[in-house]
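**Student:** Input: one structure, supplied below.
The values are calculated or read from the model by the stated rules, or taken from the named source; none is laboratory data. Values in this document were obtained by computation on a predicted structure and should not be read as measured data. Using ideal geometry, Cβ is built from the backbone for each residue, glycine included, and neighbour counts are taken over all protein chains shown. All accessible areas refer to the heavy atoms of the entire protein, side chains included, with ligands and DNA or RNA removed. Shrake-Rupley method; radii C 1.70, N 1.55, O 1.52, S 1.80 Å.
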6 protein chains.
Amino acid sequence: MIRVTLINPNTSRVMTEKIARAAHDVAAPDVEIVAVCPEPGDGPPAVESHLDEVRAAAAVVSMIVRDQESGGSDAYVVACFGDPGVDAARELVEVPVIGIAEAAMHVAALTGRSFGIVTTLSRTLGRARDLVRRYGFDEACVAAHATGIPVLALEEQADVDEIVAWCERAVRVDGADAIVLGCAGMADLCATLTGELGVPVVDGVAASVGLVSGMARMGVGTSKRDEYAAIGTRETPATRVADSVMA
Amino acid sequence: MIRVTLINPNTSRVMTEKIARAAHDVAAPDVEIVAVCPEPGDGPPAVESHLDEVRAAAAVVSMIVRDQESGGSDAYVVACFGDPGVDAARELVEVPVIGIAEAAMHVAALTGRSFGIVTTLSRTLGRARDLVRRYGFDEACVAAHATGIPVLALEEQADVDEIVAWCERAVRVDGADAIVLGCAGMADLCATLTGELGVPVVDGVAASVGLVSGMARMGVGTSKRDEYAAIGTRETPATRVADSVMA
Amino acid sequence: MIRVTLINPNTSRVMTEKIARAAHDVAAPDVEIVAVCPEPGDGPPAVESHLDEVRAAAAVVSMIVRDQESGGSDAYVVACFGDPGVDAARELVEVPVIGIAEAAMHVAALTGRSFGIVTTLSRTLGRARDLVRRYGFDEACVAAHATGIPVLALEEQADVDEIVAWCERAVRVDGADAIVLGCAGMADLCATLTGELGVPVVDGVAASVGLVSGMARMGVGTSKRDEYAAIGTRETPATRVADSVMA
Amino acid sequence: MIRVTLINPNTSRVMTEKIARAAHDVAAPDVEIVAVCPEPGDGPPAVESHLDEVRAAAAVVSMIVRDQESGGSDAYVVACFGDPGVDAARELVEVPVIGIAEAAMHVAALTGRSFGIVTTLSRTLGRARDLVRRYGFDEACVAAHATGIPVLALEEQADVDEIVAWCERAVRVDGADAIVLGCAGMADLCATLTGELGVPVVDGVAASVGLVSGMARMGVGTSKRDEYAAIGTRETPATRVADSVMA
Amino acid sequence: MIRVTLINPNTSRVMTEKIARAAHDVAAPDVEIVAVCPEPGDGPPAVESHLDEVRAAAAVVSMIVRDQESGGSDAYVVACFGDPGVDAARELVEVPVIGIAEAAMHVAALTGRSFGIVTTLSRTLGRARDLVRRYGFDEACVAAHATGIPVLALEEQADVDEIVAWCERAVRVDGADAIVLGCAGMADLCATLTGELGVPVVDGVAASVGLVSGMARMGVGTSKRDEYAAIGTRETPATRVADSVMA
Amino acid sequence: MIRVTLINPNTSRVMTEKIARAAHDVAAPDVEIVAVCPEPGDGPPAVESHLDEVRAAAAVVSMIVRDQESGGSDAYVVACFGDPGVDAARELVEVPVIGIAEAAMHVAALTGRSFGIVTTLSRTLGRARDLVRRYGFDEACVAAHATGIPVLALEEQADVDEIVAWCERAVRVDGADAIVLGCAGMADLCATLTGELGVPVVDGVAASVGLVSGMARMGVGTSKRDEYAAIGTRETPATRVADSVMA
């Protein structure tokens, strides 16, 4: 079995279960899904600002360190649309590590020429744009819209109409061939939105499972050449990071 | 079962079998692999020029039309590094369609920050560069080297040293975190090269299987919004293309 | 005399004559214009999809091969706005080869800082965008609009108002300094549109004649250095492509 | 007086004093310089990996929170070349916040057309490249070289020859008009290198002092429009981040 | 004292005094401000076209030559938003030279992620765009709007409402985090606009004073490596340029 | 007849005659060639610096004003590789205006995928790079080399070997499909270099004649929409510029 561990860096157990379900629904028969989140106080309640990202990145690192200590996984997914801590996580392991923004954008790019992102608060759009550029999708990403719905409000599944409206704008006005859902908390809306919109709607949680399990079957992981090489020049750096957050 | 049909647009049966094997080796338990190629005379012996690409694109279209007529597949892979006919193929079906250059670049980008392409003849580098830009990997792709080995010479598995030398240059000099193999005919060298180089080596055939089967499990296919919508305004255009090639 | 052969890859004789006239009207005294198109069944009736492009590219190749066999020309123009087969055509000859999208964009860029493209169906805009990037006009091209008028409807010269409206939008709203006509079938509207709009309107057919005849007088043709070198490693590849389409 | 607080996110007091001196040497008469660093255990000993950056970002946040609690400053500088935590810091205050990589690149760009970065370990080049792109200096930055000298080895001021050699390569081979020093620990080498090289050598610590004090005099700080607006929707987020690191 | 000479290349004494005041208001205690402009007939009345820029560039060169002959300054600012003659000025001196468009964009980029330019006549937007690209702010600059107010009309301080309206559009619609004032003649509106808009408003005159005085304190000037090296191969070129304009 | 006036902005009569010959050699039967240059003292002896460009731009403007006063031409060419004054010239006339760098790059881009520039002094490469970006050829231009040969030394036709060597480097090492000659003074070397190199060698003087005469036959000139509209809001600006230079 290929063990895929999804790390929700916020402390919402409701969202973590939603993530686990979304991942499980698209997992191949040879894939085992594990979804974890930090204890209350060890991570942000939601990731909606750069301050939250700082804390989320630290939580991702400490959860991977802990998973590694108890045997490790065949692949890791950072299940938060800002992809916090992905670079650091790649230094920690040799297996694939992917963020759900990264995963969603790669899959959306394979469905056509263009996609639009529909996300939560407008203040997160800057980070989304940074990731779009970092991953190479400046041309493909023709829209990035914020619904104004906070992450935790998605637990209540309200406001689907608002989300649909922004998706429709991305499709009809901006010319997006597909929609990228800009929050792990939207994973359960994927089927509904696909039905409403008539274009592919890509949830990064589901997208990431296919990508990392495919990489695991190929034996392709994280390149340890230089930037993401294991750290050994100073003492126990990974533990050190975890400590400062865990303490 | 998810039926993935890989289309080798050249007429080499040896290469088609190699492609089938490479795909089969990385397929999840729920994935069925089919690999096809045109009859001699219905496609180019190898794809090493823009003229070959024109012919290869026509062959891809006609083989997809034929597969559709006999029930269709859950996903299609164009198993030639120039990704000939992928745009046209997307007009023909609602399921995922991917080229192996596209697949290899997406997966390589997930292994680190950068990759280098090592391919066959230098005259194909222009097309490779076009695809790099089209897919958004201008930043990620730090090298594109031609070994000078013609496609069909790869059937004899000679010159691995020459290929290793160019891969090493991409890694050591150009700073590539991973290698993208620039020809379906290199699929069987993947394990050897990985062993020699110590960085991820990505074969597009294997990469594509994980990507399209993951998309199929998610229910995400080709966007039929506009550019890739089915063609209906004039009579039976798909058959028409196939006819002119098949006749 | 400089013999310029314009290849309309669709089978419309009406459009081919329109192209010949547009080219003739702007030819210098030392330029002879020839315009050809495939026999019905040997090319698409119009080029409005990627499937059509595949077929059009093959038609371009076969018509150049045939022209070469009967003495050849001093320059070739692919008179279809998607520039199908231009790369392949450059492998076949040493003289200049240019597509009309390419020609129109180069000339439009010389009239000011920016241009807008007004074309036929929206599904062709993706290809237009690819060409804009390939030729380097991402900055210069500030708009690409589809009128929704099919290629063959242009034979009847209806809907000039619709075309004018989109051109005006490109000029007034998008700030285009000039208009690029996105279809060879619009060649005869050039004077009318110029009169209506008050900015340069560039038809690619006319533009191409000036460009290639200028290159011919300079003795500058297609670079045969590597990518576009003649093909000799395998047997008679050019004929081979033509055969598979012509058969 | 304009109070500029420089935050060294690593725990080296030697480096913090070096930073204070470099800042003081270029401060205008109306500028007061304060330099701080985390207590041992509250930050990384040096910032040489993405894991270190995660920890450094948290340390930056907590030190700004603490400074705000005791009256605040007129401007903040993140005195580490990876600019960790700058985005988060901008959410915390209304005054200017700048990283030293950002500062150095802006000033270097004003000295000519191009610059080269000379930094510590090669594994940090990826982050440097990300910052180059984020700040818009892809064209201006013509080289980024790693000397292989770890951050803390710079305390001993050895290996100036090695640094000079890489700077010379950037100038003579890569055509850099100026050099950007890629580590706060190189601040004291600025005069020596300028003497050796004959081109402007820009230390980000010194550069940042001029930039933020100039902004303070203009009354221009951080835009609180949206992305960097203060956080109020959930409880005490800034303190929360600090707590998880400080605990 | 650091002597900063600001060169207004148009002949308006009213505007030159406005520039001097704006510069003086933000100068550190160790900075002396000098503002000059050409005699009537030796420069354009305003810079609102490429023809004006040609004349303005010549005026900048001749005023720097004259200042150098009478002892020189520690830094030069070209106080016209098109930054005319900055490249040539850098060849003439070893101290810092900066244009106010350049200065404003650099400072605006430090206040957040994005800025919008609000300027005078629409015909100057092309030059503004050229400068945006040259300085690397293609991503950061999200809007460039012309108010339609001629440069000299700004002397009368009318139409503030029109300027506010365009600034608001840049902020609310285009998502600009800050505003860049696109004319030296707007320097006195900076405080008013800041009050109205609630985001940083950056006047290039004020911005430039902080930047060049900071560079002067660091001992960083113009790189004389190659492009901006002093000219010595032919006779007295600087004087020659000045002569042809002054005569 | 189409009257094409080529403006050499330097004062060398030898070079002006060379330009006239090169233009004449490639002119169609319906094209009349006129080549002019400023009187000694009214322009720079050569254009090898930004200071020279300032003076050259003024000379271009004044020569076009004078030509307009005596009846005007059907097209103008700025025959200096830095394209000085082209923007301003476009404000003065409604007919086509083109620089020889612009012309050479457009034609070179039509010969293949890439070109390399070989020019005079290294200090002019910055300007060349600016033009490459402005015209959209960042991708196409794979090399820009300086021979170190001053402009006026080209009058003596020495150092062809040095020029050949740099061209060969561009072709063999940098992979240029064609060579762009980076100085009007190299026009007479075009045939020799083509013979030596075996790839298209493009002289901008010859290239420009084909481009502007083609535009003239199409009735396509400079867009007078906004940026390049005639100037009328203030008094006689064109004359004014000319005056300040001519005086």
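**Student:** Would you tally the residues in segment E:35-80 being of a type in the set (Lys, Arg) and in contact with a Ser or Thr (Cβ under 9 Å, 6 or more places away or on another chain)? Before you say what the answer is, go through the steps one by one.
**Tutor:** Within segment E:35-80, the subset of a type in the set (Lys, Arg) is E:55, E:66.
Cutting the leftovers down to in contact with a Ser or Thr (Cβ under 9 Å, 6 or more places away or on another chain) gives us E:55.
Number of matching residues: 1.
**Student:** So A:Asp83 fits all but one of (1) of a type outside the set (Val, Ile, Thr); (2) within 14 Å of chain B (Cβ to nearest Cβ); (3) part of a loop (DSSP other than H, G, I, E, B); (4) touching a Ser or Thr at 6+ places or on another chain (Cβ under 9 Å); what number is the exception?
**Tutor:** (4)
**Student:** Just to be sure, is E:Ala28 at negative phi and under 15 Å from the mean Cα position of the chain (by Cα)?
**Tutor:** Working: at negative phi: yes; under 15 Å from the mean Cα position of the chain (by Cα): no.
No: the conditions fail for E:Ala28.
**Student:** While we're here: Assess whether C:Gly232 counts as being more than 22 Å from C:Ala56 (Cβ to Cβ), at pLDDT 95 or above and not polar (S, T, N, Q).
**Tutor:** When the stated conditions are applied, C:Gly232 does not pass them.
**Student:** Related question: For segment E:30-39, does any single residue satisfy the condition of being farther than 30 Å from F:Gly232 by Cα, of a type outside the set (Val, Ile, Thr) and at pLDDT 95 or above?
**Tutor:** Yes; the residues of segment E:30-39 include at least one that is farther than 30 Å from F:Gly232 by Cα, of a type outside the set (Val, Ile, Thr) and at pLDDT 95 or above.
**Student:** Just to check your reading of the model, which residue among F:Gly175, F:Gly210 is within 30 Å of F:Thr11 (Cβ to Cβ) and either outside any helix (DSSP H, G or I) or in contact with a Gly (Cβ under 6 Å, 6 or more places away or on another chain) (or both)?
**Tutor:** The match here is F:Gly210.
**Student:** Take the residues in segment A:178-202 that are within 8 Å of chain B (Cβ to nearest Cβ) and part of a loop (DSSP other than H, G, I, E, B), then tell me which one is surrounded by the most Cβ atoms within 10 Å (Cβ to Cβ).
**Tutor:** In this case the residue turns out to be A:Pro200.
**Student:** Oh, and also: Would you check if A:Ala88 is in contact (Cβ under 8 Å) with a residue 60 or more places away in the chain, assigned to a helix (DSSP H, G or I) and farther than 30 Å from A:Gly175 by Cα?
**Tutor:** yes
**Student:** Out of A:Glu102, A:Glu139, I need the residue that is in contact with a Phe, Trp or Tyr (Cβ under 7 Å, 6 or more places away or on another chain) and of a type in the set (D, E, K, R). Which one?
**Tutor:** Values: A:Glu139 fails: in contact with a Phe, Trp or Tyr (Cβ under 7 Å, 6 or more places away or on another chain).
Within the list A:Glu102, A:Glu139, the selection yields A:Glu102.
**Student:** Next question. Can you find a residue in segment F:59-74 that is within 12 Å of the chain's Cα centre (by Cα), modelled with pLDDT of 95 or more and closer than 30 Å to B:Asp130 by Cα?
**Tutor:** Within segment F:59-74, none of the residues are within 12 Å of the chain's Cα centre (by Cα), modelled with pLDDT of 95 or more and closer than 30 Å to B:Asp130 by Cα.
**Student:** Could you tell me which of the residues B:Arg134, B:Arg113, B:Arg172 is closer than 27 Å to A:Arg90 by Cβ and either touching a helix residue (DSSP H, G or I) at 6+ places or on another chain (Cβ under 6 Å) or hydrophobic (A, V, I, L, M, F, W, C) (or both)?
**Tutor:** Working: B:Arg134 fails: either touching a helix residue (DSSP H, G or I) at 6+ places or on another chain (Cβ under 6 Å) or hydrophobic (A, V, I, L, M, F, W, C) (or both); B:Arg172 fails: either touching a helix residue (DSSP H, G or I) at 6+ places or on another chain (Cβ under 6 Å) or hydrophobic (A, V, I, L, M, F, W, C) (or both).
Answer to the check: B:Arg113.
**Student:** Okay, next question. Considering segment D:145-168 alone, what residues qualify as being charged (D, E, K, R) and in contact with a strand residue (DSSP E or B) (Cβ under 7 Å, 6 or more places away or on another chain)?
**Tutor:** Looking only at segment D:145-168, we keep the residues that are charged (D, E, K, R), and these are D:155-156, D:159, D:161-162, D:168.
Hits for segment D:145-168: nothing passes.
**Student:** Show the residue pairs meeting these rules: Cβ distance below 6 Å; 6+ apart or different chains; first residue within segment E:139-167 and more than 21 Å from E:Phe115 (Cβ to Cβ) and more than 14 Å from chain D (Cβ to nearest Cβ); second residue of a type in the set (Val, Ile, Thr) and surrounded by fewer than 18 Cβ atoms within 10 Å (Cβ to Cβ).
**Tutor:** Matching pairs, first to second residue: E:Glu155/E:Val14.
**Student:** Turning to a different aspect of this structure: Would you please list the contacts, defined by Cβ atoms under 9 Å and residues six or more apart or on different chains, that run from a residue in segment C:1-14 that is without any contact (Cβ under 8 Å) to a residue 40 or more places away in the chain and more than 28 Å from F:Ala28 (Cβ to Cβ) to a residue that is open to solvent by less than 20 Å² (accessible area, probe 1.4 Å) and not in a loop (DSSP other than H, G, I, E, B)?
**Tutor:** Sorted first by the residue in segment C:1-14, then by its partner, the pairs are C:Thr11/C:Ala59.
**Student:** Looking only at segment D:169-189, decide whether some residue is among the charged types (D, E, K, R), over 14 Å from E:Val220 (Cα atoms) and out of contact with any strand residue (DSSP E or B) (no Cβ under 9 Å at 6 or more places or on another chain).
**Tutor:** Within segment D:169-189, one or more residues are among the charged types (D, E, K, R), over 14 Å from E:Val220 (Cα atoms) and out of contact with any strand residue (DSSP E or B) (no Cβ under 9 Å at 6 or more places or on another chain).
**Student:** In segment E:126-172, which residues are open to solvent by 60 Å² or more (accessible area, probe 1.4 Å), closer than 19 Å to D:Ala109 by Cα and among the basic types (Lys, Arg)?
**Tutor:** Within segment E:126-172, E:Arg129, E:Arg134 qualify.
**Student:** From the residues in segment F:12-45 that are within 14 Å of chain C (Cβ to nearest Cβ), assigned to a loop (DSSP other than H, G, I, E, B) and not β-branched (Val, Ile, Thr), which one is most open to solvent (accessible area, probe 1.4 Å)?
**Tutor:** The qualifying residue most open to solvent (accessible area, probe 1.4 Å) is F:Pro29.
**Student:** Follow-up. Does C:Arg55 satisfy being open to solvent by less than 20 Å² (accessible area, probe 1.4 Å), among the basic types (Lys, Arg), in the same structural domain as C:Val212 (by TED's automatic domain parsing) and at pLDDT 95 or above?
**Tutor:** yes
**Student:** Can you work out which of the residues in segment A:86-95 that are among the charged types (D, E, K, R) and open to solvent by less than 10 Å² (accessible area, probe 1.4 Å) is farthest from the other protein chains (Cβ to nearest Cβ)? Can you show your working first?
**Tutor:** In the first step, residues of segment A:86-95 are kept if they are among the charged types (D, E, K, R); the result is A:87, A:90-91, A:94.
Next, from what is left, pick out any that are open to solvent by less than 10 Å² (accessible area, probe 1.4 Å): A:90-91.
Values: A:Arg90: 7, A:Glu91: 5 Å.
Looking at residues that are among the charged types (D, E, K, R) and open to solvent by less than 10 Å² (accessible area, probe 1.4 Å), I get A:Arg90.
**Student:** Would you check which residues across segment D:46-80 are away from chain A (no Cβ under 11 Å), assigned to a helix (DSSP H, G or I) and not polar (S, T, N, Q) and list them?
**Tutor:** Scanning segment D:46-80 gives D:Met63, D:Arg66, D:Asp67, D:Glu69.
**Student:** Test C:Leu6 against the stated conditions and say whether it is farther than 26 Å from F:Val107 by Cβ, open to solvent by less than 10 Å² (accessible area, probe 1.4 Å) and not in a loop (DSSP other than H, G, I, E, B).
**Tutor:** Considered against the rule, which asks whether it is farther than 26 Å from F:Val107 by Cβ, open to solvent by less than 10 Å² (accessible area, probe 1.4 Å) and not in a loop (DSSP other than H, G, I, E, B), C:Leu6 comes out as no.
**Student:** I'd like to know if segment A:109-117 contains one or more residues that are more than 23 Å from C:Ala146 (Cα to Cα), modelled with pLDDT of 95 or more, more than 14 Å from chain B (Cβ to nearest Cβ) and crowded, with 24+ Cβ neighbours inside 10 Å.
**Tutor:** Yes: segment A:109-117 contains one or more residues that are more than 23 Å from C:Ala146 (Cα to Cα), modelled with pLDDT of 95 or more, more than 14 Å from chain B (Cβ to nearest Cβ) and crowded, with 24+ Cβ neighbours inside 10 Å.
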